[in-house]
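FYI, it's all coordinate maths here, none of it is from the lab. Please read all numbers here as calculations on a predicted model, not as lab measurements. In this analysis, Cβ positions are derived from the backbone assuming ideal geometry, glycine residues included, and neighbour counts consider all displayed protein chains.
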Amino acid sequence: MNRTFLLQQVLNGLAIGSVYAIFALGYTLIFSVLRIINFTHGAIFTIGAYATYALTGSQFGINGLLAGAALPFRLPFVLALLGGSIVAALAGVIVERLAFRPLRARGADPLLTLVSSLGVAVALVNITQYLFGAEPYSYPDPLQGLPSAVNFGTAAAPVLVRTVQVVIFGVSMVMLVLLTYLMNATRTGKALRAVAEDMTTSSLLGIDTDRLILLTFVISGFLGGVTGTLIGLSVGVAGPYFGIAFGLKGLAVIVLGGLGDIPGAVVGGLIIGLAEAFVPAQYIAYREAVPFALLFVVLLVRPQGLLGRAQVQKV
Amino acid sequence: MASFLATYDFLLVSMVLAAVLALTLYLPLMAGQLSVASPGFYALGGYIAAIMSTRIFPPGPGLYPVSLVLLEMAVAAVVSGVLGLAVGVPALRLRGIFLALATIAFVQILGVVALNLDVTGGAIGIFGIPQPFSSAIQYMWLAVPLLVVSMLFVARLERTRTGRALVALREDELAAAAMGINPTYHKVLAFTTSAVLAGAVGAVSAHFINTWNSRQGTFDTSVNLMAFVLVGGSRTFVGPVVGGLVLTALPEALRGIAGVDVLPAWLAAFLRDGRLIIFGILIAIGTVFFPHGLITPGLLRRLGRRGARPG
């Protein structure tokens with residue numbers, strides 16, 4: 001394994017890992033506040049990817065209720081990404097109202113909430129399929145006119161980074177910086193952290209917990225929508241179910257980092273991205289199993305995650 | 001009756017097999033453990049039957065012997081049980097969400113392995129699995145006894161010391177442990193029993209479906225099983241059985257309703273193509289309004305009293 005190859009794989013791993021990280025942050029934010037895993041996150045990822053596709057003014061295919069339909073306008077890709085993510089954030093609000101609030105109101109078992117969110121996820125993905133069909137879509141190339149890859153090495157020993165990798169890494173970093181700023185430097189962020197620490201106490205201190213929970217779902221949905229579009233830009237939108245598969249992979253990221261731990265989700269995303277990049281070429285077919293193998297091992301060895309603290313069970 | 005059986009033969013057998021699979025999710029849930037590993041063991045059992053019947057036993061003239069199917073079921077059950085024990089002992093130290101996640105990972109890993117091994121036929125899978133019966137409905141000879149035996153087993157289990165220990169673990173693990181119930185032993189027991197049963201169902205299903213590939217026993221199956229148990233009822237074995245039977249028939253019933261002329265065309269089309277949407281909404285509504293499912297022990301007692309009353 002020479003140095004160029006090593007560098008190349010590290011860059012590939014960081015690019016995809018940064019997307020895993022911001023996707024997983026969507027799970028983490030909700031888990032840190034509600035102690036539940038929001039299985040609809042993968043479905044919201046799908047919705048974001050499809051909404052962006054629609055907003056670019058592209059036409060939908062031959063199957064589904066809206067076959068051949070297209071919006072009468074076309075937005076530039078950056079605005080479509082923003083708009084698609086806002087649609088995803090709204091989907092997050094609907095999910096919170098329909099699947100989470102009723103169960104929270106009656107203090108239901110977290111496992112029941114997990115199953116309920118799975119039900120909503122199945123419904124959302126199939127509504128997407130019902131409307132837009134199951135065929136794959138790809139965005140009209142927003143990077144036209146740019147070189148398809150940038151060479152960070154020399155001509156003799158090339159280290160090629162696809163332009164789209166630069167874009168997804170850049171957008172992910174912007175998201176990460178914005179989220180860090182929101183959480184650590186604003187009053188809202190402080191309130192969010194207080195609710196995550198202790199919901200009852202923060203409610204007694206005059207924090208509107210219901211509003212903050214809703215805000216958490218908005219941010220989480222927005223992050224899900226951004227990731228859906230970025231992955232769609234990188235490898236195409238492979239039908240409504242690709243969000244479910246990606247969503248399961250995101251679970252591996254949050255467990256690796258420690259459930260509900262924000263820096264942990266970022267570290268977990270990067271580790272999984274790098275681990276996938278370093279799967280040897282002859283075992284490439286097994287790459288999809290790598291996140292789950294890591295998830296399984298981490299759960300058995302260190303259930304609190306790499307950065308998490310062990311929880312002591314109180315009686 | 002004969003034409004009904006002929007039209008719905010495939011559906012009826014699928015319903016019975018689904019009911020048995022629903023019981024495999026119910027068993028660990030008796031102890032409060034949400035494990036979605038059984039689709040993995042189901043897939044494994046199917047592969048064992050498919051490989052044994054297409055590679056090991058030479059194809060003879062006429063129908064495939066039922067005795068060999070029974071042998072495959074036994075092998076599938078034993079192998080699934082051993083794997084269940086190997087996975088269960090470390091995994092069942094986890095609880096709640098962590099166990100659910102670990103079992104999701106287990107199913108995903110098995111799926112990727114099945115997709116890539118030569119012996120499982122890769123992406124194409126194994127096809128042309130020999131048929132022990134001349135018509136689909138005759139699979140009832142295998143499916144119904146399997147369902148009856150597993151129902152009797154679970155019904156009996158609910159009334160034994162072990163079954164009560166599982167329920168105690170579900171209600172409060174710490175308190176149960178303090179009273180001398182070994183949590184890990186009982187959870188692994190429930191998990192392994194579920195694996196054995198799922199493996200056996202897989203072996204029958206492989207023959208029944210005639211082809212087996214990595215799309216069998218995936219996360220989708222896990223979601224279906226959860227719907228069977230949580231909509232049907234998670235506090236008595238009758239719930240998962242009824243859930244499996246009814247929810248498997250539901251798409252066909254919806255298709256039937258869609259065929260009625262009175263309905264507007266868009267509604268008919270939705271009932272035909274949108275059944276998974278309805279399925280998802282049912283899971284969500286079920287968990288919100290009926291946290292213990294539609295069939296609860298209380299309901300069964302009321303029905304029992306009404307039946308016993310004269311007149």
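Could you let me know the centre-to-centre spacing of segment B:248-311 and segment A:282-299, using Cα atoms, in angstrom?
39
Based on the alpha-carbon gyration tensor of segment A:1-47, what equivalent-ellipsoid semi-axes (square roots of 5 times the eigenvalues) come out, in whole Å, largest first?
Taking √(5λ) for each eigenvalue gives 32, 12, 6 Å, largest first.
So what is the diffusion coefficient of segment A:114-210 in µm² per second by Stokes-Einstein at 20 °C and 1.002 mPa s, using a Kirkwood Rh over Cα pairs?
In µm²/s, the coefficient is 115.
Across segment B:64-179, how large is the tail of the calculated P(r) beyond 17 Å, expressed as a percent of all Cα pairs?
75
Remind me, relative contact order of chain A in percent, using alpha carbon pairs under 8 angstrom and six or more residues apart? Write down the numbers at each step before the final one.
Numbers: 535 pairs, mean separation 108.6, N = 315.
Value for chain A: 34 percent.
Can you show me the helix-derived [θ] at 222 nm for chain B, built from DSSP H runs with n ≥ 4 at -39,500 (n - 2.57) apiece and divided by the number of residues, rounded to the nearest 500.
The helix contribution divided over chain B gives -23500 deg cm²/dmol.
7 Å from Cα along Cα→Cβ at both A:V301 and B:A2: what's the point-to-point distance in nm?
If labels sit at A:V301 and B:A2, their model points lie 6.5 nm apart.
Any chance you could get the radius of gyration and Dmax over the Cα atoms of segment B:2-217, in Å?
Computed over the Cα atoms of segment B:2-217, radius of gyration and Dmax are 18.1, 61 Å.
Can you list the residues, at least 5 places off or on another chain, whose amide H is less than 5 Å from the amide H of A:L65, using H built in the peptide plane?
Residues meeting the amide H criterion: A:L131, A:F132, A:G133.
Of the candidates B:A37, B:A155, B:A198, which one comes out as most mobile in a Gaussian network treatment of chain B with C-alpha springs shorter than 10 Å?
B:A155
In which sequence would A:T180, A:T40, B:T296 go, from the one with the fewest C-beta neighbours within 10 Å to the one with the most?
Lowest count first: A:T180, B:T296, A:T40.
Please list the three semi-axes, largest first and in whole Å, of the ellipsoid equivalent to segment B:128-245, using sqrt of 5 times the eigenvalues of its alpha carbon gyration tensor.
Values: eigenvalues 203, 46, 38 Å².
In descending order the semi-axes read 32, 15, 14 Å.
Roughly what percent of Cα-Cα pairs across chain A reach past 28 Å?
Here the long-distance tail beyond 28 Å is 41 percent of all Cα pairs in chain A.
Starting at the first residue of segment A:110-115, write each ³J(HN,Hα) from the Karplus equation 6.51 cos²θ - 1.76 cosθ + 1.60 with θ = phi - 60°, in whole Hz, x for Gly and Pro.
Coupling constants for segment A:110-115: x, 5, 5, 5, 4, 5 Hz.
Under 20 Å from the 7 Å Cα→Cβ point of B:D9, by amide nitrogen: which residues of segment B:174-210?
Once the point is set 7 Å along Cα→Cβ of B:D9, B:204-210 turn out to lie under 20 Å by backbone N, inside segment B:174-210.
For segment B:2-217, what does the relative contact order come out to in percent, with C-alpha contacts under 8 Å and a separation of six or more? Present the calculation step by step, with values, prior to reporting the outcome.
On the way: 319 pairs, mean separation 101.3, N = 216.
Reported as a whole number, the value is 47 percent.
Summing -39500 (n - 2.57) over the DSSP H runs of n ≥ 4 in chain A and dividing by its residue number, what mean residue ellipticity at 222 nm do you reach, to the nearest 500 deg cm²/dmol?
Result for chain A: -22000 deg cm²/dmol, rounded to the nearest 500.
Would you mind classifying segment A:197-315 by shape? Square roots of the alpha carbon gyration tensor eigenvalues, ordered a ≥ b ≥ c; an a/c under 1.5 is rounded, otherwise it is prolate if a/b is larger than b/c and oblate if not.
Judged from the Cα gyration tensor, segment A:197-315 comes out oblate (a/c at least 1.5, b/c at or above a/b).
Convert each backbone phi in segment A:62-75 into a coupling constant with the Karplus relation 6.51 cos²θ - 1.76 cosθ + 1.60 (shift: θ = phi - 60°), then list the ³J(HN,Hα) values in order as whole Hz, x for Gly and Pro.
9, 9, x, 5, 9, 4, x, 7, 8, 5, x, 10, 10, 8
Over the whole of A:234-245, what's the average partner chain Cβ count within 10 Å per residue? Rounded to a whole number, please. Please report the intermediate quantities before stating the final value.
Values: counts 0, 0, 0, 0, 0, 0, 0, 2, 0, 0, 3, 3.
Mean inter-chain Cβ contacts per residue within 10 Å come to 1.
Counting other beta carbons within 10 Å of each residue's own, what order do A:F246, A:F152, B:F237, A:F45 fall into, fewest first? Walk me through the numbers before you get to the answer.
Values: A:F246 22, A:F152 13, B:F237 25, A:F45 32.
If I rank by nearby Cβ atoms, fewest first, I get A:F152, A:F246, B:F237, A:F45.
Taking H placed 1.01 Å from N in the peptide plane, check which residues at least 5 places from A:L75 or on another chain put their amide H under 5 Å from its amide H.
Those qualifying (amide H under 5 Å, at least 5 residues apart or on another chain) are A:T56, A:G57.
Take the Cα atoms of segment B:1-129, find their three principal axes, and give me the spread along each one in whole Å, biggest first.
50, 41, 26
Just to confirm my numbers, what's the Cα centroid distance between segment B:1-17 and segment A:60-116 in Å?
Each part's Cα centre sits 38 Å from the other's.
Roughly how many Å is it from the Cα centre of segment B:218-246 to that of segment A:231-255, as a whole number?
For segment B:218-246 versus segment A:231-255, the Cα centre distance is 27 Å.
So what J values fall out for segment A:23-32 if you push phi through Karplus, 6.51 cos²θ - 1.76 cosθ + 1.60 with θ = phi - 60°, rounded to Hz, Gly and Pro as x?
So the Karplus estimates, Gly and Pro as x, are 5, 5, 4, x, 5, 4, 4, 5, 5, 5 Hz.
Would you mind putting B:40-48, B:12-20 in packing order, based on average other-beta-carbon counts within 10 Å, highest first? If you can, show how the numbers build up before the last one.
On the way: B:40-48: 29.7, B:12-20: 23.3.
The most tightly packed comes first, giving B:40-48, B:12-20.
Could you calculate the FRET efficiency of B:W266 with A:A67 from 1/(1 + (r/R0)^6), where r is the beta carbon distance between them and R0 is 22 Å, rounded to 0.05?
With a Förster radius of 22 Å, E is 0.90.
Once the Cα gyration tensor of the protein assembly as shown is found, what semi-axes does its equivalent ellipsoid get, as square roots of 5 times the eigenvalues, in whole Å, sorted largest first? Walk me through the numbers before you get to the answer.
Working: eigenvalues 321, 177, 141 Å².
Semi-axis lengths for the protein assembly as shown are 40, 30, 27 Å.
Taking each residue of A:293-299 in turn, how many C-beta atoms of other protein chains fall within 10 Å of its C-beta, and what is the average?
5
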